[in-house]
Amino acid sequence: MKATLRTLCLSFVIATVMGLGSYSHAQEAAAPTAPAGYKLVPEDLTADLNVSLYSQYIWRGYELSRDSLVIFPQFTIGYKGFAATAWIDLDTRYMSGGNSNKEFRLWETDFILTYSNSYKPLKLNYTLGWIYYDTDGWPKADTPSKNQELFVTLGLDTLLKPTFSVYNEIELGQSWYFSLGLSHSFAVYKDWSLDLAGYISYMHDKTDANFGNFHDGNISAGLKIPLTSNISIKPNLQYSFPLSSDASREIKRTSVSGHHNNYVYGGLILDLAI
């Protein structure tokens, strides 16, 4: 969820200098010695720290924050196609259901397990996954809420890199979310790239509003700037909007403010790949 992600701040906001200092010190430290031919870390083991600072938390078109800086730390460790991710939402001025009392709060923690691979003859890649959501409650509630989803994503390594994803809620009720996305990157200066992406979605929810229609769309533009071979930053700007009149009413009904259904938001993303 939630990650996910308003018409207020067209700001460039997703940054975090977390880790930069410790990373530079680690580079200066002497490398540990080991017997010849021995690897301290398995060759296929990877790790990635990603920290985003955003003007809003928008998830599948839903407004989950307003008038506050939200921080999304994410840590992923992978090995031979398998990956485990922990994702956190920190809201600096959390507001629930129009409540005027705002406070810094860890509002959501997600855990994600995935397996990814590819079928090269068809230029097809795929990901199978499970997501566990732990939030303070949504929509417009402070009662803790937990949920789980299974998902599959199929992608083609071709022009515009089309992807099709299916998410199935399995704990709180029976809900399906389908999305079709496109993306493309342009080299703009040396190793800088302009990353463009967008998706449209369809949702079938039998549990809450008995919703079944096209749901939300999202377009984004980001300038990825490598700082080193392992570290990059990316100012990013996004626009989220409903795709049907049903979605317009549903998104507005469950938004934090209760008055909006399309949002312009953005921030700065810091990524450290190990």
Cross-chain or 6+ apart pairs with Cβ under 7 Å, the stretch 251-264 first and among the charged types (D, E, K, R), then surrounded by 18 or more Cβ atoms within 10 Å (Cβ to Cβ) and assigned to a loop (DSSP other than H, G, I, E, B): Lys252/Asn261
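Return yes or no: is Phe82 under 20 Å from the mean Cα position of the chain (by Cα), modelled with pLDDT under 50 and over 24 Å from Gly258 (Cα atoms)? Give the steps one after another, and end with the answer.
Working: under 20 Å from the mean Cα position of the chain (by Cα): yes; modelled with pLDDT under 50: no; over 24 Å from Gly258 (Cα atoms): yes.
So Phe82 fails the test.
Look at Asp67 and say whether it is within 17 Å of the chain's Cα centre (by Cα) and not polar (S, T, N, Q). Spell out how you get there, then give the answer.
Details: within 17 Å of the chain's Cα centre (by Cα): no; not polar (S, T, N, Q): yes.
Considered against the rule, which asks whether it is within 17 Å of the chain's Cα centre (by Cα) and not polar (S, T, N, Q), Asp67 comes out as no.
Among the candidates Gly61, Gly21, Gly37, single out the residue that is modelled with pLDDT under 50 and either aromatic (Phe, Trp, Tyr) or at positive phi (or both). Write out each step before concluding.
On the way: Gly61 fails: modelled with pLDDT under 50; Gly21 fails: either aromatic (Phe, Trp, Tyr) or at positive phi (or both).
Result: Gly37 is the single residue among Gly61, Gly21, Gly37 that is modelled with pLDDT under 50 and either aromatic (Phe, Trp, Tyr) or at positive phi (or both).
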Extreme residue, farthest from the chain's Cα centre (by Cα), among residues of the stretch 229-262 that are β-branched (Val, Ile, Thr) and at pLDDT 95 or above: Ile231
From the residues in the stretch 224-274 that are small (Gly, Ala, Ser) and in a loop (DSSP other than H, G, I, E, B), which one is surrounded by the fewest Cβ atoms within 10 Å (Cβ to Cβ)? Ser229
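What is the residue count in the stretch 61-85 for residues that are of a type in the set (D, E, K, R) and either in a strand (DSSP E or B) or crowded, with 21+ Cβ neighbours inside 10 Å (or both)? It would help to see each step written out before you state the result.
Within the stretch 61-85, the first condition is being of a type in the set (D, E, K, R), and the residues that meet it are 63, 66-67, 80.
Okay, now just the ones that are also either in a strand (DSSP E or B) or crowded, with 21+ Cβ neighbours inside 10 Å (or both), so 63, 66.
The qualifying residues number 2.
Got at least one residue in the stretch 250-261 being in contact with a helix residue (DSSP H, G or I) (Cβ under 9 Å, 6 or more places away or on another chain), charged (D, E, K, R) and within 24 Å of Tyr133 (Cα to Cα)?
No, the stretch 250-261 has no match at all.
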Starting from the stretch 168-180, keep only residues that are farther than 12 Å from Arg60 by Cβ and β-branched (Val, Ile, Thr), then list their pairs with residues that are at pLDDT 90 or above and surrounded by 14 or more Cβ atoms within 10 Å (Cβ to Cβ) whose Cβ atoms are within a distance under 8 Å, requiring at least 6 positions of separation or different chains. Ile170/Gln148; Ile170/Glu149
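Yes or no, residue by residue, for (1) among the polar types (S, T, N, Q); (2) modelled with pLDDT under 95:
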| residue | (1), (2) |
| --- | --- |
| Thr127 | yes, no |
| Thr143 | yes, yes |
| Lys146 | no, yes |
| Ser165 | yes, no |
| Gly181 | no, no |
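The values are calculated or read from the model by the stated rules, or taken from the named source; none is laboratory data. Values in this document were obtained by computation on a predicted structure and should not be read as measured data. Here the Cβ is made from the backbone with ideal geometry for all residues, glycine too, and neighbour counts use every protein chain on show.
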